[in-house]
There are 2 protein chains.
Amino acid sequence: MRPAGDPIGELVELLSRLPSIGERTATRLAFHILKREPEYAKALGQALTDIHERVIRCEDCGNYGAEAKCKICSDIRRDPKIICVVAQVPDLVAIERSGTFRGRYHVLHGLLAPLDGVGPDRLPLDALEKRCESDVEEIVVATPLSVEGEATALYIKQVFAESKVQVSRIASGVPHGGELEFTDQVTLGRAFAGRKQI
Amino acid sequence: MRPAGDPIGELVELLSRLPSIGERTATRLAFHILKREPEYAKALGQALTDIHERVIRCEDCGNYGAEAKCKICSDIRRDPKIICVVAQVPDLVAIERSGTFRGRYHVLHGLLAPLDGVGPDRLPLDALEKRCESDVEEIVVATPLSVEGEATALYIKQVFAESKVQVSRIASGVPHGGELEFTDQVTLGRAFAGRKQI
């Protein structure tokens, strides 16, 4: 451990709090940054210092953006009839990268977790109901295929049970390129239960 | 690619310029930072913004520190008779971590590389000669065991050819735990050439 008042040690300590960055990687990054031109360190420092002020949650869907309405909600080419519910923005980014969905999103920024004290009131579900009062026809729940993700999906289904809005869930099964030999039992069970005629 | 004016995209772009951090890891880090309390992003931002001003090269040895003389050069318990020459500060850190050396250092911040236009005048060798005018008895050259590291070691040997200062080179051989089966020919050659009676 480097003592306090040591600028490299402080930088290493802060960097090593990032996920998947241990002390050794953090040290390597710090020395790399020191070796480069000071402009780079300043630009990265500024970007980090400002990030929480500059990034705004979209008032409609909760996606991150630089303005009150995110790029997807402002895009009139996106289908307003279908909303995809995701747990967090990186999931939205992954779906966008796949180019598979042309509707709009609703970001929960969390999942139901009663044991951790996260009840339905902590998720923006009122906002989702409000959005569905207009011409929304379908909600695709794309929360993770985990216990909490499934519980959240079921809860959303209940919320809209009396509504005209259809609630669907993304398919679960053997992933693309997946070897059956190495696929877990739950996934195989889902793959069989969800089988389709070809 | 995210368009300009997008704060997350800018942060991802800057983070992905770091070594071993691709766009995907940078995206994950950016979202992690956004999810955490703003104080962390600000502290890391500040540490990066200030790093080049706060880190000073030691006027004696070139090591990084917060003052004009580094911690090792100011430490009177370190043996002033022996100087270890390293290419870069991370090498010094690795040697310090091993606890194997109790002398002082001389950091070249580079290696001889005539093809890249790095001649002896670009390395702080005058300063090394100056330091050796006092009571230095030995220089241990701990530059890498690469072509450039070896060339630099040989050059330093020549510089001190007429001097009373002994120039030595760290040993080269099969590393600790190394399997002979998977050791390259050059290393095996060095291991045999450097063999010692036991």
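The values are calculated or read from the model by the stated rules, or taken from the named source; none is laboratory data. Predicted model, so just to flag it, every value in this text is computed and none were measured. Every residue, glycine among them, receives a Cβ derived from its backbone with ideal geometry; neighbour counts consider all protein chains shown. Ligands, DNA and RNA are excluded from the accessible area calculation, which covers all protein heavy atoms including side chains. Shrake-Rupley method; radii C 1.70, N 1.55, O 1.52, S 1.80 Å.
What to note about this one:
- Qualifying residue in segment A:111-125 (condition: more than 27 Å from B:Ile33 (Cα to Cα) and either touching a residue at least 24 places away in the same chain (Cβ under 8 Å) or touching a Ser or Thr at 6+ places or on another chain (Cβ under 8 Å) (or both)): no
- The set of residues from segment A:29-38 being open to solvent by 10 Å² or more (accessible area, probe 1.4 Å) and more than 7 Å from every other protein chain (Cβ to nearest Cβ) comprises A:Lys35, A:Arg36, A:Glu37.
- Single residue of segment B:177-198 satisfying the filter (aliphatic (A, V, I, L, M) and open to solvent by 100 Å² or more (accessible area, probe 1.4 Å)) that is nearest to B:Leu145 (Cα to Cα): B:Leu180
- Every residue from segment B:144-156 that is open to solvent by 40 Å² or more (accessible area, probe 1.4 Å), out of contact with any strand residue (DSSP E or B) (no Cβ under 6 Å at 6 or more places or on another chain) and part of a helix (DSSP H, G or I): B:Val147, B:Glu150, B:Ala151, B:Leu154, B:Tyr155
- Condition met for B:Ala30 (modelled with pLDDT of 95 or more, assigned by TED's automatic domain parsing to the domain that holds B:Val12 and under 30 Å from A:Leu108 (Cα atoms)): yes
- Selection status of B:Ala41, aliphatic (A, V, I, L, M), within 12 Å of chain A (Cβ to nearest Cβ) and touching a residue at least 40 places away in the same chain (Cβ under 8 Å): no
- Inclusion of B:Ile56 among residues that are more than 8 Å from every other protein chain (Cβ to nearest Cβ), under 21 Å from the mean Cα position of the chain (by Cα) and either at pLDDT 95 or above or open to solvent by 10 Å² or more (accessible area, probe 1.4 Å) (or both) is warranted.
- Failed criterion for A:Ile51 (all others in (1) within 12 Å of chain B (Cβ to nearest Cβ); (2) aliphatic (A, V, I, L, M); (3) open to solvent by 70 Å² or more (accessible area, probe 1.4 Å) hold): (3)
- Here B:Glu67 fits the description: within 14 Å of chain A (Cβ to nearest Cβ), on the phi < 0 side of the Ramachandran plot and out of contact with any Leu (no Cβ under 8 Å at 6 or more places or on another chain).
- The number of residues in segment A:113-135 that are modelled with pLDDT of 95 or more and part of a loop (DSSP other than H, G, I, E, B) comes to 2.
- Residues of segment B:4-14 that turn out to be within 7 Å of another protein chain (Cβ to nearest Cβ) and open to solvent by less than 40 Å² (accessible area, probe 1.4 Å), as a count: 5
- Unique residue being open to solvent by less than 40 Å² (accessible area, probe 1.4 Å) and closer than 24 Å to A:Cys58 by Cβ when the list is A:Val141, A:Val159: A:Val141
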